[in-house]
Amino acid sequence: MVKAKESRLRTKGRIVGGLEPLISISNMSSHELAQSYDDSYRQSNYFKYRLWLYRPFVRALVRRVGLKPGDSLLDAGCGQGFFTSLFADYGISAIGIDVSAAGVAAAREAYLSPRVTFEVGDVLELEWRNEFDCVFSRSCS
Ligand SMILES: C[S@@+](CC[C@H](N)C(=O)[O-])C[C@H]1O[C@@H](n2cnc3c(N)ncnc32)[C@H](O)[C@@H]1O
């Protein structure tokens with residue numbers, strides 16, 4: 001069963017892409033959630049993402065939000081870091097956070113740009129406040 005809760009993620013006053021972010025909170029603990037993804041993420045590019053498909057998507061977001069090189073971005077629930085790294089390609093300093101240690105390990109191995117970092121953590125328990133120019137979250141569940 002999934003309980004949905006709406007919440008605006010404020011990022012220096014901007015809301016990403018003009019959309020209302022929705023945070024879905026499952027009743028799994030973050031430990032259980034991490035375990036459920038860890039096995040999958042041992043397979044490289046588990047979701048079989050293709051650059052030709054998603055680079056234009058990220059480019060459109062960057063333009064829509066008005067992000068510039070040097071801006072900072074948090075990717076909440078970054079998985080294996082595919083989208084985090086696409087933002088870094090635009091000169092954005094991106095940090096990806098995920099509860100899955102295997103996801104973060106895969107991201108660190110796959111994406112070596114100095115503009116991108118990955119940390120294991122629960123995005124619902126972060127202590128940052130207004131630290132980022134933008135918060136991006138895709139299917140964080
Ligand atoms: C469907 S995957 C999507 C991953 C990535 N955003 C993407 O689009 O490829 C969902 C991810 O959200 C992560 N996640 C879910 N709840 C989280 C939380 N509270 N804190 C950090 N990561 C979380 C999971 O571990 C998983 O990697």
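We did not get these values from a lab; they are worked out from the coordinates using the rules stated. Because the structure is predicted, anything quoted here is derived from the model rather than measured. We place every Cβ from the backbone using ideal geometry, glycine too, and count neighbours over all the protein chains shown.
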Likely footprinting exposure, 29, 40, 93, fewest C-beta neighbours within 10 Å first: 29, 40, 93
J(HN,Hα) series, segment 85-91, from Karplus relation 6.51 cos²θ - 1.76 cosθ + 1.60, nearest Hz, glycine and proline x: 5, 5, 5, 4, 4, 9, x
Cβ-Cβ FRET estimate between residue 59 and residue 30, R0 fixed at 25 Å, reported to 0.05: 0.20
Relative contact order of segment 30-141, pairs being alpha-carbon contacts under 8 Å that are 6 or more residues apart, as %: 30 percent
